[in-house]
Every structure is written in structure tokens, then in C-alpha cells.
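Take a look at the structure set out below.
Rule-based calculations on the coordinates, nothing more; no lab input. Computed from a predicted structure; not experimentally measured. Note that we place each Cβ from the backbone using ideal geometry, even for glycine, and neighbour counts take in every protein chain shown.
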Amino acid sequence: MTRFVENSITFPYKRSLGPVIGRFMNALTERRILGIRSGDRVIVPPLEWDPHTGAELPVDGMVEVGPNGTVESWTWVPDPSEQHPLDHPFAFALIRLDGASTPLLHAVDAASPHMISAGTRVAPRWRGNRVGRIDDIVAFVIGEAAEVEGTEATPERGADEPITMMDYNASITYRNPVPLVLDRLREASREERILGQRCPVCARVYAGGRGYCPIDAVELGEEHDVDLPHSGTITNFTIVTPVQYPGQTETEPFARVFVLLDGTDVVLPYQPVIELPVAEIKVGKRVAAAWAPPEDEFDEGGTMGGAYGHLIGWMPSGEPDIDDPDLVNRIF
Amino acid sequence: MATTGTRGPSTDIAVVGWAQSPMIRRTELSETQLLLRVITDALEPLGLTRADIDFTCLGSCDYITGQAFSFVSNLDAIGAWPPKRDSHVEMDGAWALYEAWLRLQEGDIEIAVVTGSGRSSTGDPALIYPMEMDPFYLAPLGVDPLTFAALQARVLIGAGIADERSMAEVAARSRRDALTNPNAQVAGEFDVDELLAGEYVREPLRRHDLPPITDGAAAMVLATGDRARQLRDRPAYITGFDHRTEGHNPAYRDLTDSPSTRIAAAAADLGAGPVEVAELQAAFTHEELLLRHALGLGDDVVVNRSGGALASNPIMATGLARIGYAADHIFGGGHRALAHSTSGPCLQQNLICILEDESTGANS
Amino acid sequence: MSGHSEPCAIVGVGQTHHKSRRHDVSYGGLVREAVFRALDDAQMTMADIDAVVIGKAPDLFEGVMKPELYLSDALGAVGKPMFRVHTAGSVGGTTAIVAASHVQARKHQRVLAVAFEKQSEGNAQFALGSGRGASLGAGGAFAPFIRAYIQRSGAPEHIGWKVAVKDRQNALKNPYAHLKIPDISIEKVKESPMMWEPLRYLESCPSSDGACAVVLTDEAGGNAAAADGRTPAWILGASSRSEPPSFPGRDPVRPAACVQAAWDVYKMAGITNPREQIDVAELYVPFSWHEAIWLEGHDIAAPGDGWKMIDADETALTGSFPVNPSGGVLSSNPIGASGLLRFAEAANQVRGAAGEHQVTDANVALAMAYGANSQYFSTWVVANSLNPFS
């Protein structure tokens, strides 16, 4: 039975607005909506370029429109997503703001789909605390009376400190199948075994549970599993001085080593080390597999993608170093 | 040629085979595994191996996979050792085919394999696809593909190009045709009146107007000139191939039309003769009606005999599969077929590929 | 080029000023800055362009999925073909090659190739790890390759420092370069923090916002530019090759895909002695030691000898075989654009349009880019005539 794992990725982005979108966003904080002239048309929301020709549009052609407008087309959203501006059923609508030549796509907070149709007049419901984002307008409401949601709390800003940036955060959860071979490798690791797979065509052995030979492009199944030795030699390594980024878990310099398993052609890449100080890592160092206690949980997303479960890294075996000038070339 | 700056192909290039994975709601295979199998399935009937491939171009999407550089491991599926002439497009496999078609015209190589692959089951399309929208005005509102489709459907209904009944008829016909397609995920006999009694998912769209969520991959083999004729009877010659885009934000566009489809069709010389079949990447029922309208397809043209994207919709491979089904028509005795692919909200970008049983190339 | 394909010429090149954070422009504005410079250089407008090919590294870097959709109108592509390439770090080079293919196949006459990255909108290290911890970063992935090169070739450690200094000195002559370190010196490099042993901070590329654009035309377009006194850069050969991520015995120090792509191009171009027949090279060198590695990968130096050219200052701007006169990736690294910048700078060299970092008598230039785990390679050779060796 194939197992599925969930992995949520939250992406934090900071966008620079540039001259035209910047003005538009600043105007939103002042409860004003701007468009931009292109010939005798007024493009809303405004772009730096004409949407048909790509021609640069002059910033001084930005003009105020709306804030009220007329629904041109709409659809009803009975089941809003977490990214939608409202958490109850609403309409997405193409709204032609007064004075605009193009419609603005935004939400309309109507009680039911029967309340909205082409021609319905709407007005903005402003967020009380506006930060310079398109959702400073929470939604449009039916009628001609603009609203403010909550209390007006937008900080005053001087003309010399305009908003130039915008935050955008999206979180997506992915649910991926775990290849069967990976689960076999993990299960074997509970018994302190390291499994590889031998290609029946070229006889190359692959570690890491990919389930196929990239040279012959054939899939490898359970019948191709082979046991790999638990000792090897460090062929190469990388020592990383961590930089901070969202999700980074490391704070001190850490090492990853490449281990050529004894009597095989198999290199395990980017392996963690145990009881081996960074300063003592060198090419030719002899190492042995280090195992987690059986009661420990598997590391689901570790360096090897959880491929080796209870194999948590490599520690010095105490044997003398090997002096072979070709070792360093064994990265793969 | 209708469009300035466009010229005809200089070399005979034909689709000589293709294969697709099972089209299912959720695969247990990795994308690489899907491709391993489907490439082998495309090559073997032709007596080819991966060593015969001169050029590969893969089409896939990081955001569907949820992993930056997700396509890199797919190199394991093409047999890139010794290293292959290779490329990757973050587009449907139909565009990978376009790149291979261009590359083969340079005349120094003979065989190309292209793929499209995607596992849409891994994430929620309603949360992923807003990220392909305008990052300032649309993505922050979470505007999803269903919303855009519904807005365009309403506009088309207003313009008299579609109505809810004709849309339901497209759904019923597609799912009925899909009964004879073993790769269809959704197939069956449906009564149009019963369909119309269903609830709206996004007014005016009902469940039947929507495509399924599909995991799948497709691989296609191209060959030039004499090599194509050696590899199979009735190669499907690509006699016209073009794609065009429109402005991004649907709010700025005339949604009653698909001008990029019309321009691409003219540049691909669709009008040079009649087509017997058309495979259109219409993920929503009203899109088929608009595309038929824009392409000027008469009732004599059999549209989406495969069941189309309404039967199975392996995003990043849906377009390539359309070209595959059109090629099947030529392989099976047909003379001229049209295939279409699309990308972006409200059919922003459209691709037209004309396949024929005889080459019209300059050097045939 | 190959077979009976149409000759293809580069008649316009443009790039942005590259910086850590181009907060002064929007996502679209950044790309347009490069596009208008390229169009001006080609004496064209958006309306003259038949097709657009766009490349960039992962969409996760900026959180804009399939950016060819959002940017279609920004690039004047409405009603035209708009094509998106993504081949990891080599993507900029592949973008140029795919754009050229549009011309060589006689499909279009005037094609715009665009590549960009706005790294400041997100976090590349984060995106490389797809939001998980313990990301090694590109330096962590490549440091072992460099250790292998050093041990294999017996090169002294100052070679890496020399490249780091040379490229930053070249960057001082390039108005668009990101890193400007007027007092760059061997001492400064060797005293900079160790990031990924043996790579020091100043031996590593920066993270940049930036874009590059190139206008390609058919033979008639190239001849018209030449007749107007604007020398075009003719493509003599181009190739993209890839190899699998890992298998026992794969050699990332002399990757077969790199060597094979070089051989493809040399064959197309009629190059039998690259060291003599090529006048200047723009090689994708994100970490100092890659200059030696790629000199060897392209048979400009014999295996194990690349570092000797560096040691003898032959790859300096005034040397016998200048490498990265623009300052290279070590000075500007808008990832998706970095490859196209190499291809564009090579074109500018043979066009005589490289300004202060122009190499004297540059008739034939090589450009290359690579990506992923040293797996994706794209290469081209351009010259100021179609028959530079006759």
C-alpha cells in the first residue's frame, strides 16, 4: 500500500511595486482608486504598459476613477478558498468603475446570488487598516454607499514615505506518494540494514531508493534489492556556513560527507556526520554507519529525504585513513 | 501565410508514435516513473530505443510538483547517458513538441522525443493556480481558474456563443465519446436535462462543465523525412504549427473571442483545406464552443472524439495528448486533423497543430 | 550552423543594471528595462518583433507561476508566439538557443530572447530547499566538485583568488555589473569568510535582480544591420546537452554533457583548435574555480591545465584568451538571466559593442551556461562574420 506524505510550503514574498502600481497602492490607503490613461482609454487597475501594445504609459496620466461602479459580469463562489478575500459565499465580479474603460476584478459581498446581476451598482468596503494592497478593498458592496470595515486605523504617512513594497504569502500543501522502494529502505533501516538496488542491465548499484537506473532507464523492483555494507571511506565533503532563510534549522557550520561504501561502487552523497568535528573531516577518513535507537521516530524530511530512516549519519570507525588520490573524485 | 514574419516549415517532420500513461485521479508513481514507462511505451512499437533519440524536450511545471527544479530528476527517464541534446519547457508538452519541431528543421538530426507530465492530485488547484495570475492585482485575491472560467462562460452566454444547454450537450457528448477511450477518466451516458438540474459550482458552471483532476503523462516520437516513412505507415506530418498569446488579465480582454486562436490557426494554414477531426484542449464546456466559433469549425468536423479534457485532464500533458489523438486519426487512415492546446486564464495562450497524411513541406 | 538552416544574427543586446534589490522597479518593469535597451540597440520597436522567448530559473524564486502569462503584454507579445524555457541555471543560454532555433527553422525573422530573475522578491536559498531546512545552497553542492578539481589538477589555492579578483576588476569596467569592489585584491579575497570550504565569500557569486534581452534576426536582418554599420554577431554553432543527476562514476569536474555540447558547437562552427580560433569567452563561473574547470571542459586547456592559463594571466582582459571581460557571474547573478548575459556579452564582444570591457580584435567568441548539479549545458559560438576562418 503506497503511503502519502503531506508537505506544506509557505512562500513569503516581498514585491516591489514600481512607479505605477506604487501610486495605485498608495491611493488605496487614502481610499482612492486610480487608473492610467492610454490614449482616450482609462485602464483600471493601472499598468506600466498598454495591455495591447506594451507601450509605456506615462505616470502623469494616472487619474482617479470610481470608487463606485457597475457589475458587468459575475460568478458566485459558494465555497471560498483560504486565499479568497471573504470567508463566506460571495461573488467575484468584473466591475466597471465610474470613469474607467476596463473592468476591475474584485469580490462583491452580496447576501445571495439573486442580489447581483449585470448592471448592479456597487461601492467599495474599505479595510480600516490599509497597507497598500489590492485587498485594502475588502470587497464591493451593493449600492452607492462606500463603507469602512472596523475602525479607521490607517497610519498617516508623509509624502516622503510612500509605500513601495507589498507582502505576498501563499501556503500550499502538497500530498505526494512515497515510492514503495523508499519504504522498503526505511523498513530495512529499522533492522540496521542499508539497501541498494542493482540494475539487471548494467549491474550498477544505486542507493537512496530512486527505483530505477538512469543509464538504462529501467525500473528497479524488490527483486533488485541488495544489502550494502555499513562501513566506508569519506571521499569528499562540504562544510556549510548557514545563512538564515525562512525554514532554516541550522545555526552553526555543519558538514555533509560523501561515503564510498566498502567493496562497492556506491557513494552515498551529502551524509550527516556524528561524533566527527568539522575540523577532523578529511578525504580518506574511515567511517561506520550510525543508527538511531529503534524506538526513535523516522526522520521524514532529513537530508536523505528520509530514505534511510534509522541511518542517521556516519561516525569515525577508528581505522587508519586511506591515502588514495582518486578517492576525491568519487562524488557520484 | 497570413501573418508577417512567419514562414513555412523547411523539412518534413512527422509524429510517428505516442503513448500515454493511465489517466487517473491519483497516481502512486513519481513523475519520473510515469515518464520512464510512457517513453518506453512510445518507442517500443517503433523498434526504437532511447539510444536512437537525437533530441528530447520535456514539459512540466514546478508549481504542480511543489518543488523547485522538479524537472531535473525527469532526466533519469530519457536515457541521457551519453548526454542528450535536451531542453525543458515550463509549459504543456505541446510546446515541447513545438520546440522539437523547430529543432528538427535545422536538418542535422532525425528523431526527437517530447513529453508532458503532471500530477495535479498533489495540491489543490484552487490554491496553486492563483499564483500564475497578476501578482499585484489578482493573485492576492486568490482568483482561481474556476472563477475565470465562469466569468468567461457568462460573457459567452451573453454574446449568444454558448448557453447552459449547449454547454451541457458538450459535456454529455464528450463523456459519451469517452466510453470508447480506455484512457478516459470520466465517461458515461448522461441526460442533458438531468445535468441541467444540477447545482452550480460557479454560476453558470455546473459540475459537468468542469474537467476532472488527473495525474498523467504523455510521450511523443517525431521523425524527419525518410526516417519517418521507415518507422511507420502513414506518419502524421506536421504541416502547420503555431501558437499565439494574448494580454494577461482577462479583465482587459474581449472574452467573447479568442483572437490568439484565430491568428495561430491562420499562421498554421488551417484554411488550406478541410479537417476531418479536431482535438481541442477545452477544459470547460464553453471553451469548446468558443474555440469552434473562433476556428470556424463546421458540424462536419468531429470534435474531441477522445472525450477531450473533459474526460481526462493531465495538466502539462493535456495539450500533447490532443496532438496524439489527432495523430491517431492520421495513423488510422485520416487525411487532415487539427489539434489545439492552451495555457493561462480564459484561453490566454493558444497553440494550433495541423497533421496530415501527406507532407506539404518544401523539401519532400 | 547545422544542415540547411537559416543563418541567425544578434543585432540588439540590452541588460538592466544588476543589484541585490531592484526595489525601484516592479517585476514587469525590470524585464522591460532590458527589453527596451535591446530594441533600441537593434533600432527596433516591440512592433517589429515576431516572437518572444522567455527564460528564468524556478518560478518559486518570485512566486509567479508561468510568468510568460503575466508578462505577455509587458513584452509586447500580444498576438505573437510567447515561449517559456526552463533548464535550471543554463536557462538563459538555452533561451538564446531556442530563440535562435525560431530563426534557423525559418519560422520567424525577428525574435526577442528575454531572461530575468528578481531574486529579492523571494529567497533563492529557501526556494532551492523548497521551504525546508538545511539547504546546502549552490555553493554547498559545488564545493566538493571544486575540491576534486584542485586535488586532481594540483592547482595552488591562489588560483581561485586570482579569478575572483580578475572578474571583479573587469566588473569595474562594466556599467551594468552588480558588484563593484574598487579595492578588490588577493588579500581581500583570501581574508573573506570561508563559506563552503574551500570556497570563500569573495569567490562566490552575488544574488542579483536583473534582466537581459537579445534581438535575433535572419540573414537578411543581419546583413541589413551590417550595411548600416552595426556589426551583427552571427551564430556559428549552438547546442544544449543534459545528463542525469547522479550515477556511479559520474564526473562533475569534466561533465560529459559540457564536453559534448562544446564538441557539437565546434563541429558546427568549423573550430578545430578552440584555444587559437576563439578570441574571448564568457563562461558561467558562479564560483571562482569554475573558470579553470570550464576552460578544460571546452578543450581550451588540456585536462589539468586550465589553472595554468589563469596563473599566467592569460584569461585577463588584456591576456591572450580573455575570460569573462564583463565581470561574469561572479559580479552579477540574476540567476535566470546569468546564462543569457554570457551569450549576450559574447555577442557584444564580436559586435565591438562591449564598451570599456571590449577585448581587442574579438572576432570569435564562446559563451556557455550550466545548471542543476552540473547537468544542463548550453553553449554557442558567435563571430562578426559567417566565415571567420576562411
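Taking the Cα centre of segment B:47-205 as the origin and placing charges on Cβ (Lys, Arg +1; Asp, Glu -1), which of B:G59, B:P140, B:P82 is farthest toward the positive end of the dipole?
The residue sitting farthest along the positive end of the dipole is B:P82.
Taking amide H positions as placed in the peptide plane 1.01 Å from N, state which residues far from A:V65 in sequence (5 or more) or on other chains have amide H under 5 Å from it.
When sequence neighbours closer than 5 places are left aside, the close amide H contacts are A:I33, A:L34, A:G35.
Once you place label points 7 Å from the Cα toward the Cβ at C:A220 and B:D226, how far apart are they in nm?
3.3 nm
Taking Cα atoms, how many degrees apart are the long axis of helix A:18-29 and the longest axis of chain A, rounded to 10 and kept between 0 and 90?
60 degrees
Write down the percent of antiparallel bridges among all DSSP beta bridges whose residues are both part of the protein assembly as shown, to the nearest 5.
For the protein assembly as shown, the DSSP antiparallel bridge percentage is about 80.
Please list A:259-267, C:141-149, C:338-346 highest first by mean number of surrounding beta-carbon atoms within 10 Å per residue. Mind showing how you got there, number by number?
Numbers: A:259-267: 18.8, C:141-149: 24.4, C:338-346: 32.1.
Ranked from most to least packed, the peptides come out as C:338-346, C:141-149, A:259-267.
Quick one: of the DSSP bridges fully inside chain C, what percent are antiparallel, nearest 5?
Antiparallel bridges: around 75 percent, rounded to the nearest 5.
Cut-off 10 angstrom, C-alpha nodes, Gaussian network model of chain B. Which of B:P145, B:P130, B:P82 fluctuates the most?
Checking each option, the largest mean-square fluctuation is seen for B:P82.
Could you line up A:V181, A:V63, C:V382, C:V103 from fewest to most neighbouring Cβ atoms inside 10 Å? Don't skip to the answer; put the middle values down first.
On the way: A:V181 23, A:V63 14, C:V382 31, C:V103 28.
Sorted ascending by nearby Cβ count, the order is A:V63, A:V181, C:V103, C:V382.
Please build a GNM for chain B, connecting alpha carbons under 10 Å apart, and tell me which residue among B:A217, B:A80, B:A68 fluctuates the most.
For chain B, modelled as a Gaussian network with Cα springs under 10 Å, the answer is B:A68.
If I take every Cα pair under 8 Å that is 6 or more residues apart in segment B:98-244, average their sequence separation and divide by the length, what percent do I get for the relative contact order? Can you show the working numbers first?
Working: 132 pairs, mean separation 47.2, N = 147.
Computed over segment B:98-244, the figure is 32 percent.
Amide H to amide H, which residues 5 or more places from A:W49 or on other chains are under 5 Å from it, using H placed in the peptide plane?
Result for A:W49 returns A:L57.
Using Cβ counts within 10 Å as a stand-in for footprinting exposure, how do B:L104, C:L30 rank, fewest first? Let's see the in-between values first.
Numbers: B:L104 28, C:L30 25.
Ordered from fewest to most neighbouring Cβ atoms within 10 Å, B:L104, C:L30 come out as C:L30, B:L104.
Determine, from the Cβ-Cβ distance of A:E252 and C:D305 and an R0 of 35 Å, the FRET efficiency 1/(1 + (r/R0)^6), rounded to the nearest 0.05.
Working: r = 39 Å, r/R0 = 1.10.
Plugging the Cβ-Cβ distance into 1/(1 + (r/R0)^6) gives 0.35.
Between A:A159 and A:K282, what is the label-to-label distance in nm when each label sits 7 Å out along the Cα-to-Cβ direction?
Computed distance between label sites A:A159 and A:K282 equals 6.9 nm.
Given the pairs C:K173/C:K267; B:K84/C:K162; C:K19/C:K190; A:K14/C:K173; C:K19/C:K107; C:K107/C:K173, which are separated by over 27 angstrom at their Cα positions? Don't jump to the answer; show the numbers that get you there.
On the way: C:K173/C:K267 33 Å; B:K84/C:K162 34 Å; C:K19/C:K190 24 Å; A:K14/C:K173 32 Å; C:K19/C:K107 36 Å; C:K107/C:K173 38 Å.
As for pairs spanning more than 27 Å Cα to Cα, those are C:K173/C:K267; B:K84/C:K162; A:K14/C:K173; C:K19/C:K107; C:K107/C:K173.
Distance between Cα centroids, segment C:1-70 to segment A:159-212: provide it in whole Å.
Centre-to-centre distance over Cα atoms comes out at 34 Å.
Among C:L340, B:I354, C:P322, which residue has its Cα positioned farthest towards the positive end of the charge dipole of the protein assembly as shown, with +1 placed on the Cβ of Lys and Arg, -1 on the Cβ of Asp and Glu, and the dipole taken about the Cα centre?
In the protein assembly as shown, that residue is C:P322.
Can you spot the aspartates and glutamates whose alpha carbon is less than 15 Å from C:K308's alpha carbon? Ignore those fewer than 8 places along the same chain.
The reachable aspartates and glutamates, counting only those whose Cα sits under 15 Å from C:K308, are C:E157, C:E291, C:E296, C:D299.
Mind running the shape call on the protein assembly as shown? Use the C-alpha gyration tensor, a ≥ b ≥ c as the square roots of the eigenvalues: rounded below 1.5 for a/c, prolate if a/b tops b/c, oblate otherwise. Working shown, then result.
On the way: a/c = 1.33, a/b = 1.31, b/c = 1.02.
Rounded, since a/c falls under 1.5.
Which shape class applies to chain B: rounded if a/c is under 1.5, otherwise prolate when a/b exceeds b/c and oblate if not, where a ≥ b ≥ c are the square roots of the Cα gyration tensor eigenvalues?
Values: a/c = 1.56, a/b = 1.33, b/c = 1.18.
Prolate.
Could you check the simple spin-label distance between A:H114 and A:D296, using points 7 Å along Cα→Cβ, in nm with one decimal?
If labels sit at A:H114 and A:D296, their model points lie 6.4 nm apart.
Just to verify a number: FRET efficiency for A:E30 and C:L386, C-beta to C-beta distance, R0 = 56 Å, to 0.05? Display every interim value, and only then the final one.
Working: r = 60 Å, r/R0 = 1.07.
Once the sixth-power term is evaluated, E becomes 0.40.
How high is the relative contact order of chain B, given as a whole-number percent (alpha carbon pairs under 8 Å, six or more residues apart)?
Details: 854 pairs, mean separation 95.4, N = 364.
About 26 percent, as a whole number.
Show me, for segment A:177-193, the HN-Hα J-couplings you get by feeding each phi into the Karplus relation (A = 6.51, B = -1.76, C = 1.60, θ = phi - 60°), rounded to Hz, glycine and proline as x.
x, 8, x, 4, 5, 5, 5, 5, 4, 5, 4, 4, 5, 4, 9, 6, 10
Treat the count of other C-beta atoms within 10 Å as a stand-in for reagent exposure and order B:R154, C:R110 from fewest to most.
If I rank by nearby Cβ atoms, fewest first, I get C:R110, B:R154.
Taking the alpha-carbon centroid of each part, what is the distance from segment C:139-156 to segment A:67-105 in angstrom?
57 Å
Sort out for me the Cα centre separation of segment C:82-123 from segment B:177-195, rounded to whole Å.
The two parts, judged by their Cα centres, are 41 Å apart.
If Lys and Arg each add +1 and Asp and Glu each add -1, what is the summed charge of the other residues whose beta carbon sits under 10 Å from the beta carbon of C:K166?
Details: positive: C:K162, C:R168; negative: C:D167, C:E291, C:D313.
Result for the local shell: -1.
Using θ = phi - 60° and the Karplus curve 6.51 cos²θ - 1.76 cosθ + 1.60, what whole-Hz ³J(HN,Hα) does each residue of segment A:214-219 get, with Gly and Pro shown as x?
Once θ is set to phi - 60°, the couplings for segment A:214-219 become x, 7, 9, 6, 10, 7 Hz.
Let me check against my output: what whole-number percent is the relative contact order of chain A, with C-alpha pairs under 8 Å and at least 6 apart? Don't skip to the answer; put the middle values down first.
Details: 712 pairs, mean separation 45.2, N = 332.
Normalised by residue count, the contact order of chain A is 14 percent.
So what are the ³J(HN,Hα) numbers for segment C:72-78, from phi and the Karplus equation (6.51, -1.76, 1.60; θ = phi - 60°), rounded to whole Hz, Gly and Pro as x?
4, 6, 4, 9, x, 8, 4
How much of the DSSP beta bridge set in segment B:53-161 is antiparallel, as a percent to the nearest 5? Can you show the working numbers first?
Values: 0 of 10 bridges.
In segment B:53-161, DSSP labels about 0 percent of beta bridges as antiparallel.
Please get the size of the charge dipole for segment B:247-355, origin at its Cα centre, with Cβ charges of +1 on Lys and Arg and -1 on Asp and Glu, quoted in debye to the nearest 20.
Details: 6 positive and 10 negative charges, 37 e Å.
Value, rounded to 20: 180 debye.
Calculated FRET efficiency, A:M315 and A:D79, Cβ-Cβ r, R0 41 Å, to nearest 0.05? Write out the running numbers ahead of the final one.
Values: r = 53 Å, r/R0 = 1.30.
So, using R0 = 41 Å, E works out to roughly 0.15.
Counting only other chains, and only Cβ atoms inside 10 Å, what mean value do you get across the residues of B:234-247? List each step's numbers first, then the result.
Working: counts 0, 0, 0, 0, 0, 0, 0, 1, 3, 5, 8, 15, 10, 14.
Averaged over the peptide's residues, the number is 4.
Only four residue types carry charge here, +1 at the Cβ of Lys and Arg and -1 at the Cβ of Asp and Glu. Report the dipole size of the protein assembly as shown about the Cα centre in Debye, rounded to the nearest 20. Please report the intermediate quantities before stating the final value.
On the way: 89 positive and 139 negative charges, 220 e Å.
About 1060 debye.
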